[in-house]
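> Please see the structure below; I have some questions.
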Amino acid sequence: MDLRKNPNEAAAWKGIWIFAEQREGTVQNVAYELLSEAKKLAQDLNCEVAAVLAGDEAIEGQVSSLFEYGADKVYLITNKELKDYRTAPYASAITDLVNKYKPEIFLIGASTLGRDLAARIAVRINCGLTADCTALSIDPVKKILQQTRPAFGGNIMATIISPNHRPQMATVRPKVFRKSKIQNPKSKKENTIIFTPTINQNDLLVKIVDVIKDESVKVNLAEAEIVVSGGRGIQDPKNFKMIEELAQAVGGAVGASRATVDAGWISAHHQVGQTGKTVAPKLYIACGIAGKIQHLVGMQGADTIVAINKDPDAPIFKLATYGIVGDCLEVVPALTRKIKEVRG
Amino acid sequence: MLDYLLTEEQIMVRDLAKKIAQEKVKPVRAELDEKEEFPWDLMKIFAEADLCGLWIPEKYGGFGQSVLAFCLATEEISRVCGGVGVTFAATALGGTPILLFGSDEQKQKYLPDLASGKKLAAFGLTEANAGSDAGGIETTATKNGDYYILNGTKQWITNGGEAETYSVIAMTDKSKGPRGASAFIVEKGTPGFSFAKKEKKMGIRCSATRELVFQDCKVHKSQLLGKEGMGFIVAMRTLDLTRPGIGAQAVGIAQGALDEAIKYAKQRVQFGKPILSIQVIQHMLADMATQIEASRALVYAVAKAVDAGGKDFTKEASMAKLIASDTAMFVTTQAVQILAGYGYMREYPVEKMMRDAKITQIYEGTNQIQRNQIGLALVKESAKS
Amino acid sequence: MEIVVCIKQVPDTTEVRINPETNTLIREGVPSIVNPFDENAVEEALRLREKHGGKVTVITMGPPQATEALKQTIAMGADEVFLISDRAFAGSDTWATSYTLASAIKKLVKYDIILCGKQAIDGDTAQVGPGIAEWLGIPQVTFAVKIEVDGNKAKVERLLEEVNEIVEIPTPCMITVVKQINEPRPPSLKGMMRAKKAEIKTLSAVDIEADQNITGLKGSPTRVVKIFAPPQKGGGEMLSGSTDEMVSALVSKLRERKIF
């Protein structure tokens, strides 16, 4: 809503909402990350935090987890047409919910689903939407949301506000905020609000026909604690086998630079970077990756970064916790051997 | 970069060829060389970009009919890969006999497909016993009613087996010596026309080099180019016209090698500084660059003269091919030397460039034959004065 | 088939740097290019036209120099192009941009499919495509890696995080594409000649009947208040020695950090 046209409305918009993305009936981690961050923001605004959960009836089983991570309220929207995400029915139901209960801030995880949904809702509701935020704060004077996010391929950071429109919407990059459970979760029974959506036939025109799993993805990259990534420096597509072996030895997932994905060496599901996935594992091992900014923005949140590269001037060494200048083809198998030896 | 006063269209051709060479040829050149794989995908891209018809008049689906434009494209492609460059250029060699001597019907039948890149062409002159001594060819074309029966084997034919359209020189009347050869257009798939032995070569390995085998191959008399007995005239005029193209290929290969040598010298630090700052290296690069520019200038000058309707360019065309190919060999060898140990390794592109360059001193008339031609032309000119 | 592609001219962000002292972008010498994902969209449009016949129209909202980007699409094979340019559009965020493009599309063309690149490599929002779909009231599919059209239905394969999803969507619709969908073709000489001769129509806010309260900075709900250089993470430790020595040292350090 444009507050300039409805100046008396400003006070009616209260509370921070987060969208509890679910896939195949399970709430995704990004929802819990958003809840934890929303709790902090809510302190500065002295308001409540609510989660919006949509799905079929079975999704009800996921509600308590949202309270465990800090929701004061959960808005539950159930209908069989909402079992799996489709843009139109979700956008309609959530827009109606927003217009009825009027949150001042609405955060959505910047997954493919979240970005698809948020962009549609924002136009329908006539509010500002900031994409892919990596930092959020409340302006102490104006009491509005300050949204910071990378642009120009990660070369700059921009801070953005939506002063005159409600809700202030933002999609938030997964793995940027840490989720944490709270001490005394609110009671599910009293704080779950059931919202019955109106399902328009016009919203059901898109049909999901099939879902194809990627066989090369053995460990979920975005959630993995350890990621081993290969770049052009591994020289040959068959050397991803060596990367896979190291990943297996440490119990991690395989990532890849954009260059190797573009060259067809590995599927796009493994791509880490500005136009790929963001990961924030405990350990990120970059093999033969130069470290262009577009890659760094996808992994700089890792706790420990190890870089292995032939070129001592590779930019990745500026970011790495530990750097090894050497030929991946030699160092990576040696590392795999050593780890297997030490872990027994 | 020296301004050769190219037209806007020529600049467009050059820039487009350069863009495609950088974006599409460069990523695959090492693999194509390693696997000796014919670059069909790249030929398709050139076709879609309208680059295949640069030497063909608009009337037959071509674009501009400019030898210079053709040279510019060949140079830019060869700068990235000499093998892809010759594959691109060889269709002009195979199709020029038709362009120069074909009847309107023959031109209508064959040139549009070559212009659109739908089909490739090849030129069949060389035989096992007839290289420099082209007069010694033994492939015969015996007249039989409305047909000529071809028998014999052509050797080392670029695009052999991949092309659809072949310009073939065969003896129709042995008794007449050099005046007894004729030129024919033969289509792939004609019964009695097959291919043998794909050659394994030192360089331009992605280019397909095969024997053409004619065994009682019946070719209709409508496929005769010009008149009986014109065979060697067709061959010589064709080679004259395509020599600048080979010169351009050689200039391209040399330029590519120079680019790599400078790039390397800039970042290779020895004795505390980049080797580019060492005078010895600078002198080597200076000699390389000078020879390239001189070769380029001569190739372009000949191409421009041809485009302007010049009739007398045989000697200069030979000179252009001669100097450009000797330059390519010199420059690529020096480039390997500058990259030293790295230059010898297949991981770096210059050893391939050196392997690719060698053939430019050999095909389309060895450089010894070129010197013959130039020498004889000088003798002839002196006899007039 | 009537296909509309929305493109954006962007600086080549692999070359863009920020001046850490002034916190402004250094744009000198940075070439302007067609947004790479939009090139994929144009290529896909051309392939659909090759398969089904019809017309490819390319539209961009931008400053006058965006005609260069449009010309590149003509050189690739686009049939008709429009530049939507007006002072009134300056400072548009994605809300205003999607409104402006939707207004232009409504006014100028009939469409079966609208194609957009997944995101612009300067803004990186991925919001304009869906915004256009919402303004036009048509269904959307994002992150397409394959598109097949049969009559008035499209079957689209989407590239999601872990899986690929196949959906069916009726036309008219809006589809955003990812890089993996195709290899954009280089321009052709004939295309370049057409592009050179082309006179590009520039349309203003009035021409497309756009409500100027909704366009530009005035109509944009979001506002950029600060731009700054991303924080540099501190450097770490370079290991040395033989391969085995470095690898052993690394493993013990990682164990100290309790990583495994």
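Only the coordinates and a few stated rules stand behind these numbers; no lab work does. None of the values given here were measured: they were computed from a predicted structure. Heads up, the Cβs are rebuilt from the backbone with ideal geometry, glycines too, and the neighbour counts pull from every protein chain shown.
> Counting partner chain Cβ atoms within 10 Å of every residue's Cβ in A:108-120, what's the average? Walk me through the numbers before you get to the answer.
Numbers: counts 0, 0, 1, 2, 10, 3, 0, 9, 11, 2, 3, 16, 8.
The mean count of partner-chain Cβ atoms within 10 Å per residue comes to 5.
> To test your reading of the geometry: what angle, between 0 and 90 degrees and rounded to tens, separates the Cα axis of helix C:94-108 from the longest principal axis of chain C?
30 degrees
> Under 5 Å between amide H atoms, partner at least 5 residues away or on a different chain: which partners does C:ILE33 have, H built in plane at 1.01 Å?
C:VAL10, C:ASP12
> Which whole-percent values make up P(r) of chain A when all C-alpha to C-alpha distances are grouped in 20 Å steps starting at zero?
29, 52, 19, 0
> Calculated from DSSP H runs of 4 or more alone, at -39500 (n - 2.57) each and per residue, what is the 222 nm mean residue ellipticity of the protein assembly as shown, nearest 500?
Values: 28 runs with 377 residues, N = 989.
That comes out to -12000 deg cm²/dmol.
> Can I ask one more? How would A:ARG124, A:ARG173 line up from fewest to most surrounding beta-carbon atoms within 10 angstrom?
Details: A:ARG124 17, A:ARG173 24.
Taking fewest neighbouring Cβ atoms as first place, the list is A:ARG124, A:ARG173.
> Lys and Arg at +1, Asp and Glu at -1: add these up for the other residues within a Cβ distance under 14 Å of B:ILE369 and post the number.
Details: positive: B:ARG243, B:LYS315, B:LYS321, B:ARG371; negative: B:ASP133, B:ASP240, B:ASP326, B:GLU364.
Neighbourhood net charge equals 0.
> What does the average come to when, for each residue of peptide A:23-31, you count the partner chain Cβ atoms lying within 10 Å of its Cβ? Write down the numbers at each step before the final one.
Values: counts 4, 1, 0, 0, 0, 1, 0, 0, 0.
Neighbouring Cβ atoms belonging to other protein chains average 1 per residue here.
> Oh, and also: Can you give the mean number of other chain Cβ atoms that lie within 10 Å of the Cβ atoms in peptide C:128-138?
4
> Quick one: dipole size for chain B, taken about the Cα centre, charges +1 on Lys/Arg Cβ and -1 on Asp/Glu Cβ, in debye to the nearest 20.
Values: 47 positive and 45 negative charges, 108 e Å.
That gives a dipole near 520 debye.
> Any idea how far apart B:ASP15 and B:GLN267 come out in nm if each label point goes 7 Å out from Cα toward Cβ?
Modelled inter-label distance: 2.7 nm.
> For a test of the definition: using alpha carbon positions, the gyration tensor, and the 1.5 limit on a/c, classify the stretch A:219-317 as rounded, prolate or oblate. Numbers along the way, then the final one.
Working: a/c = 1.19, a/b = 1.05, b/c = 1.14.
Here the stretch A:219-317 falls in the rounded category.
> Quick one: which of C:102-110, B:71-79, C:82-90, A:335-343 comes out on top by average Cβ neighbours within 10 Å, and what's the full order, highest first? Show your work: numbers first, answer last.
Values: C:102-110: 18.8, B:71-79: 29.8, C:82-90: 20.6, A:335-343: 17.1.
Final packing ranking: B:71-79, C:82-90, C:102-110, A:335-343.
> By the gyration tensor of its Cα atoms, with a ≥ b ≥ c the square roots of the eigenvalues, what is the shape of chain B: rounded for a/c under 1.5, prolate for a/b over b/c, or oblate?
Details: a/c = 1.78, a/b = 1.64, b/c = 1.09.
Since a/c reaches 1.5 and a/b is larger than b/c, the shape of chain B is classed as prolate.
> Follow-up question, since we're still on this one. Once R0 is set to 41 Å, what does the formula 1/(1 + (r/R0)^6) return for the Cβ-Cβ distance between A:VAL219 and C:ARG87, expressed as a FRET efficiency to the nearest 0.05? If you can, show how the numbers build up before the last one.
Working: r = 52 Å, r/R0 = 1.27.
So the FRET efficiency works out to roughly 0.20.
> Another question, if that's okay. At 0.692 mPa s and 37 °C, plugging the Kirkwood radius over alpha-carbon pairs of the stretch A:269-339 into Stokes-Einstein gives what diffusion coefficient in µm²/s? Each step should come with its number before you reach the end.
Details: Rh = 12.2 Å.
In µm²/s, the coefficient rounds to 268.
> Once you charge only the Cβ atoms, +1 for Lys and Arg and -1 for Asp and Glu, what is the size of the charge dipole of the protein assembly as shown about its Cα centre, to the nearest 20 debye?
In debye, rounded to 20, the protein assembly as shown gives about 580.
> Got the relative contact order for the stretch A:222-344 handy, in percent, Cα pairs under 8 Å and 6 or more residues apart? Display every interim value, and only then the final one.
Values: 265 pairs, mean separation 31.1, N = 123.
That works out to 25 percent.
> For a paramagnetic label modelled at 7 Å from the Cα of C:GLU50 toward its Cβ, which residues of the stretch C:144-176 fall within the zone defined by backbone nitrogen distances under 18 Å?
Label zone hits: C:145-150.
> Would you report the distance distribution of C-alpha pairs in the stretch B:179-321 as whole percents per 5 angstrom bin, up to the bin with the largest distance?
Here the calculated profile for the stretch B:179-321 is 2, 8, 11, 11, 12, 13, 12, 10, 6, 5, 4, 3, 2, 1, 0.
> So what is the relative contact order for chain A, in percent, with contacts set as C-alpha pairs under 8 Å and at least six apart?
Numbers: 746 pairs, mean separation 50.0, N = 344.
For chain A, the relative contact order is 15 percent.
> A further question follows. For the protein assembly as shown, compute Rg over Rh where Rg is the Cα radius of gyration and Rh is the Kirkwood radius from the inverse mean 1/r over Cα pairs. Intermediate results must be reported in sequence, preceding the final value.
Values: Rg = 33.1 Å, Rh = 31.8 Å.
Result for the protein assembly as shown is an Rg/Rh of 1.04.
> Next up: Alpha carbon centre of the stretch B:229-303 versus the stretch C:112-150: separation in Å?
About 48 Å separates the Cα centre of the stretch B:229-303 from the one of the stretch C:112-150.
> Also, I was wondering about something else. So for the protein assembly as shown, taking the charge dipole from beta-carbon charges (+1 Lys/Arg, -1 Asp/Glu), which of C:VAL141, B:TYR60, C:ALA120 sits furthest toward the positive end?
Value: C:ALA120.
> Right, here's the next one. Within the P(r) computed for chain C, what percentage of the Cα pairs occupies the region above 23 Å?
Numbers: 19208 of 33670 pairs.
When every Cα pair of chain C is considered, 57 percent fall beyond 23 Å.
> In debye, nearest 20: dipole of the stretch B:146-201 around its Cα centre with unit charges on the Cβ of K, R (+) and D, E (-)? The partial results should precede the final answer.
Values: 9 positive and 6 negative charges, 76 e Å.
Value, rounded to 20: 360 debye.
> Which residue, chosen from B:THR172, A:ILE324, C:ASN152, occupies the Cα position most advanced towards the positive end of the dipole of the protein assembly as shown, where the dipole is computed from +1 (Lys, Arg) and -1 (Asp, Glu) charges on Cβ about the Cα centre?
Of B:THR172, A:ILE324, C:ASN152, it is A:ILE324.
> For Cα pairs less than 8 Å apart in space and 6+ apart in sequence, what is the mean separation divided by the residue count of the stretch B:231-385, i.e. the relative contact order in percent? Show your work: numbers first, answer last.
Working: 183 pairs, mean separation 47.8, N = 155.
Dividing the mean separation by the residue count of the stretch B:231-385 yields 31 percent.
> Taking square-rooted eigenvalues a ≥ b ≥ c of the alpha carbon gyration tensor, is the stretch A:56-100 rounded, prolate or oblate, where a/c under 1.5 means rounded and, failing that, a/b exceeding b/c means prolate? Display every interim value, and only then the final one.
Details: a/c = 2.58, a/b = 1.37, b/c = 1.88.
Taking the square roots of the gyration eigenvalues as a ≥ b ≥ c, the stretch A:56-100 is oblate.
> Please give the FRET efficiency for B:ARG237 paired with B:GLN22, using the beta carbon to beta carbon distance and R0 = 41 Å, rounded to the nearest 0.05. Intermediate values should be presented prior to the final figure.
Working: r = 35 Å, r/R0 = 0.85.
Efficiency, from the Cβ-Cβ distance: 0.75.
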